[in-house]
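The values are calculated or read from the model by the stated rules, or taken from the named source; none is laboratory data. None of these values were measured; they are calculated from a predicted model. All Cβ positions, even for glycine, are placed from backbone atoms using ideal geometry, and neighbour counts span all protein chains on display. Surface accessibility is based on the protein's heavy atoms, side chains included, excluding ligands, DNA and RNA. Shrake-Rupley method; radii C 1.70, N 1.55, O 1.52, S 1.80 Å.
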Amino acid sequence: MSITYTWLGHGTYRLSIGGFSVIIDPYFTDNPAASTTVDQVSADFILVSHGHGDHVGDVESLAKRTGALVISNHEIASWFEAKGLKTHGQHIGGGHQHPFGHLKLTMAEHGSKLPDGSNGGNPAGLLIAAEGKKIYLACDTGLFGDMQLIGEEGLDLAVLPIGDNYTMGPEDALKAVKLLEPKHVVPVHYNTWDLIKQDAQAWAQQVEKHTKTKAHVLQPGGSLEV
Ligand code: NI
Ligand code: MN
């Protein structure tokens, strides 16, 4: 039993879990790092971490074409429900068993205003338990000490931003790996624009020098099986 994580570019991912395609923060249109287009992606579920345009950009078109269920915090779920999408609202600290696995929303240190100025509630990270594996998608966040509590879950994979400026940079992301102690880590949310340009290979070397975690630098479109 395994889960395939695919980086679709920037902060957009796919988890293939059993027969389900779970898309996280679909942002393909205007995404310079997108490895595919919104017309080519299949989705059974769409998870949304927060309200910023580079995370919600293609939710509506993808959900309308595929009929996928949109799962997010209550505020964002309600905003999409008003647009006619099927939604499921949760909130920080709350878990729910979905057909693809168990999803808990975790805290994130970030903003969440929606593109039209609506209140997007609090930003979230995503903790997923499925196929006997645990995956933590930090999504957009700064470093916070409670990552240690998330690490106590026993993580097979952590997906962490390293771009700096909007989220953790490389040094704080290395501290995050030390708190989370995942078996594997993948860096994301970098090199999309010059403002968040980073040397991911150098970061991966630091991770493997200072922790027991295996770091995987993917290209957009690249996958890792856990
Ligand atoms: Ni953001
Ligand atoms: Mn972002």
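Quick check on the range 162-192: of everything there that is open to solvent by 70 Å² or more (accessible area, probe 1.4 Å) and not in a loop (DSSP other than H, G, I, E, B), which residue is farthest from Ile135 (Cα to Cα)? It comes out as Glu171. Among the numbered conditions (1) touching a strand residue (DSSP E or B) at 6+ places or on another chain (Cβ under 9 Å); (2) without any contact (Cβ under 8 Å) to a residue 60 or more places away in the chain, tell me where Gly84 comes up short. For Gly84, the failing item is (1). The lone criterion from (1) out of contact with any helix residue (DSSP H, G or I) (no Cβ under 8 Å at 6 or more places or on another chain); (2) in a helix (DSSP H, G or I) left unmet by Gly221 is number (2). Take the conditions (1) closer than 22 Å to His10 by Cβ; (2) buried (at least 16 other Cβ atoms within 10 Å of the Cβ); Ile150 misses just one of them, which is (1). The one condition from (1) open to solvent by 50 Å² or more (accessible area, probe 1.4 Å); (2) part of a loop (DSSP other than H, G, I, E, B) that Glu208 does not meet is (2). The number of residues in the range 123-142 that are surrounded by fewer than 19 Cβ atoms within 10 Å (Cβ to Cβ) and within 16 Å of ligand 2 (Cβ to nearest atom) comes to 1.
Among the residues of this structure, Gly151 counts as one that is at negative phi and touching a residue at least 12 places away in the same chain (Cβ under 8 Å).
In this structure, Ser112 qualifies as small (Gly, Ala, Ser), in a loop (DSSP other than H, G, I, E, B) and at negative phi.
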